[in-house]
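Take a look at the structure below.
Bear in mind these aren't lab numbers, they're just calculated from the coordinates by the rules spelled out. Nothing here was measured: the structure is a model prediction, and the numbers come from that model. As a convention, Cβ positions derive from the backbone with ideal geometry for all residues, glycine included, and neighbour counts pool all protein chains shown.
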Amino acid sequence: MPERSPKALREAIAAHAPQLLADFDRHWKRDIADTYDLTPVPAFMARWWTEYALARDPRLDARVSDLEDRAADADDTAEAHALLEQAAHLRREAGHTEPGQ
């Protein structure tokens, strides 16, 4: 994982997960650059840190996507809830990845 800064994260996304770059840039422009408001930067970084951590591990990313897809298709609310809890747990773990890991 890169240094925990918007610039370093953008560079890592561009180099290793370019499929995320357009959404990253659009989100940055809409919520931060165009508003000149730095208040949302911590939430922005939390979201994109997690997205990048997942994208750099294709097996983990596929696992999270599978859980979310299965939850969307589930007929039973309890089953859908359990699947989403598993996906959320994996997302939280990915979000806790530290720079250099």
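Below is a table of values for the structure above.
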item	result
Among (i) 44; (ii) 25; (iii) 48, the entry derived from the coordinates for percent of Cα pairs over 20 Å apart	(i)
Cα-centre dipole for region 6-95 with unit charges at Cβ (Lys and Arg positive, Asp and Glu negative), debye to 20	540 debye
Helix-only CD estimate at 222 nm, as mean residue ellipticity for the chain, using -39500 (n - 2.57) per DSSP H run (n ≥ 4)	-22000 deg cm²/dmol
Separation between Cα centres of region 7-62 and region 76-101, rounded to whole Å	18 Å
Compactness of region 1-52 as Cα Rg over 2.2 N^0.38 Å, two decimals	1.04
